[in-house]
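K.L.:
Got a structure here, written out as structure tokens. Questions coming.
The values are calculated or read from the model by the stated rules, or taken from the named source; none is laboratory data. Bear in mind the structure is a predicted one, so any value in this text is a computation, not a measurement. Here the Cβ is made from the backbone with ideal geometry for all residues, glycine too, and neighbour counts use every protein chain on show.
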Ligand code: LMR
């Protein structure tokens with residue numbers, strides 16, 4: 001039976017992780033997978049997280065099951081962080097999920113349960129697992145224009161023109177902030193126009209927010225989500241705590257469904273809990289409990305905000321230094337978009353051959369499509385990477 005299986009091609013991010021691990025060169029630089037690295041090149045456990053874990057370890061009296069939806073205190077704490085004043089809990093259904101990927105997967109399963117004959121509109125480009133999950137689940141999807149690869153800027157006209165083609169029953173996938181892989185974010189006017197298109201067409205937004213606090217700041221990064229929440233009768237929001245709490249391997253995510261009133265809220269809540277039941281019964285609890293503890297304790301929360309701001313401002317500084325180093329090394333005036341971009345990623349104007357040359361000749365690992373994790377750079381590696389990019393003619 002198992003002999004019938006065909007080999008599974010790993011996605012391009014996972015493939016690169018394995019190649020980097022197996023590369024014996026000591027001066028190799030990992031700019032592939034999206035994890036934050038400190039100046040020392042490590043991805044530390046945040047101090048507020050370690051303290052919350054210590055308290056939980058000390059006080060927890062049971063490891064018995066929570067609930068299919070996870071802990072309501074977690075929904076409230078993280079939901080309020082994302083939605084701010086727009087959180088109207090009388091219309092929100094919520095489940096804890098294993099990471100943002102779990103939230104996205106459950107969002108798609110929920111859409112499929114509606115038996116809508118619509119399709120999901122996905123920005124081009126997007127995180128590769130979005131398309132992979134849609135294709136694997138047999139969910140119809142199509143791309144909409146997002147970034148102009150020549151300028152590295154938002155293709156605003158292309159995006160809005162394409163989305164005008166959405167219809168009732170369709171879902172529009174949006175990155176809440178720090179777009180992965182481009183770092184090109186929507187401004188409030190763009191969100192406003194997208195909300196208007198959803199109002200006119202009846203399409204429902206699905207917002208993946210995995211980097212809140214890594215772009216312009218915790219509140220500013222949530223402005224788009226909040227605008228959608230305050231304007232539209234329905235929306236799905238998948239939030240992740242992998243990056244902003246550094247809880248990657250603990251798999252902490254939340255799916256929020258904004259519904260059109262209390263009756264729908266109850267039915268949607270039931271459907272989402274059932275999806276958890278079918279997938280893994282109860283969602284993971286430890287990381288969610290840590291997040292709840294951090295957000296609900298004023299002192300831990302203050303400490304976390306300081307650490308988050310340290311990460312955010314370091315990434316901003318690296319973006320600036322990297323853009324300047326590239327301009328200097330190549331003599332080309334085309335890298336300003338890296339400085340203007342938000343969050344961990346930028347897209348190099350590189351072909352797959354360029355990317356292979358960077359890796360093979362210089363030990364610099366970026367994803368096939370040219371995505372580079374700026375948060376994997378350091379003051380020490382920026383000159384090396386800029387020189388490698390110049391020597392590859394990018
Ligand atoms: C990334 O985009 O590199 C991260 O979100 C890790 C992943 O799971 O792909």
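K.L.:
Give the residue that is farthest from the ligand (Cβ to nearest atom), with candidates limited to residues of the stretch 131-169 that are within 19 Å of residue 104 (Cβ to Cβ) and in contact with a helix residue (DSSP H, G or I) (Cβ under 7 Å, 6 or more places away or on another chain).
P.N.:
Here the answer is 166.
K.L.:
Here's another thing I want to ask about it. For the stretch 11-60, give me each residue that is closer than 22 Å to residue 182 by Cβ and touching a helix residue (DSSP H, G or I) at 6+ places or on another chain (Cβ under 8 Å).
P.N.:
Those that are closer than 22 Å to residue 182 by Cβ and touching a helix residue (DSSP H, G or I) at 6+ places or on another chain (Cβ under 8 Å): 11, 12, 13, 29, 30, 31, 32, 33, 34, 35, 36, 37.
K.L.:
Same structure again: Confirm whether residue 296 is within 30 Å of residue 51 (Cβ to Cβ) and either modelled with pLDDT of 95 or more or within 22 Å of the chain's Cα centre (by Cα) (or both).
P.N.:
Numbers: within 30 Å of residue 51 (Cβ to Cβ): yes; either modelled with pLDDT of 95 or more or within 22 Å of the chain's Cα centre (by Cα) (or both): yes.
When the stated conditions are applied, residue 296 passes them.
K.L.:
Looking at (1) assigned to a loop (DSSP other than H, G, I, E, B); (2) more than 16 Å from the ligand (Cβ to nearest atom), which is the one condition that is false for residue 245?
P.N.:
Evaluating residue 245 over (1) assigned to a loop (DSSP other than H, G, I, E, B); (2) more than 16 Å from the ligand (Cβ to nearest atom) leaves (2) as the failure.
K.L.:
Within the stretch 286-394, considering only helices (runs of 4 or more DSSP H) that don't extend past its boundaries, which have at least 2 residues that are within 15 Å of residue 29 (Cβ to Cβ), more than 16 Å from the ligand (Cβ to nearest atom) and out of contact with any strand residue (DSSP E or B) (no Cβ under 9 Å at 6 or more places or on another chain)?
P.N.:
298-330, 352-362, 381-391
K.L.:
Give me the residue from the stretch 24-72 that is in a loop (DSSP other than H, G, I, E, B) and within 16 Å of the ligand (Cβ to nearest atom) and, out of that set, surrounded by the most Cβ atoms within 10 Å (Cβ to Cβ).
P.N.:
Start the filter on the stretch 24-72 by keeping residues that are in a loop (DSSP other than H, G, I, E, B), which leaves 24-28, 31-46, 60-71.
From the residues that got through so far, the ones that are within 16 Å of the ligand (Cβ to nearest atom) too are 31-37, 43.
Working: 31: 26, 32: 24, 33: 15, 34: 24, 35: 17, 36: 24, 37: 21, 43: 14.
Applying the filter and picking the extreme gives 31.
K.L.:
Please name all residue pairs, on different chains or six or more residues apart, with Cβ atoms under 6 Å, provided the first residue is in the stretch 367-387 and is free of Cβ contacts under 8 Å to residues at least 60 places away in the same chain and the second residue is within 16 Å of the ligand (Cβ to nearest atom) and assigned to a helix (DSSP H, G or I).
P.N.:
none
K.L.:
Sticking with this structure for a sec: Within the group 277, 251, 226, which residue is away from the ligand (no atom under 16 Å from the Cβ), within 20 Å of residue 81 (Cβ to Cβ) and surrounded by fewer than 24 Cβ atoms within 10 Å (Cβ to Cβ)?
P.N.:
On the way: 277 fails: within 20 Å of residue 81 (Cβ to Cβ); 251 fails: away from the ligand (no atom under 16 Å from the Cβ).
None of the other options fit; the residue is 226.
K.L.:
Sort out which residues of the stretch 5-23 are closer than 14 Å to residue 363 by Cα and within 16 Å of the ligand (Cβ to nearest atom), and write them in order of number. Walk me through it before giving the result.
P.N.:
Our first condition is that a residue be closer than 14 Å to residue 363 by Cα; within the stretch 5-23, this holds for 16-23.
Answer for the stretch 5-23, where residues must be closer than 14 Å to residue 363 by Cα and within 16 Å of the ligand (Cβ to nearest atom): 16, 17, 18, 19, 20, 21.
K.L.:
Among the candidates 135, 116, 126, 143, single out the residue that is under 25 Å from residue 251 (Cβ atoms), surrounded by fewer than 18 Cβ atoms within 10 Å (Cβ to Cβ) and without any contact (Cβ under 8 Å) to a residue 60 or more places away in the chain.
P.N.:
135
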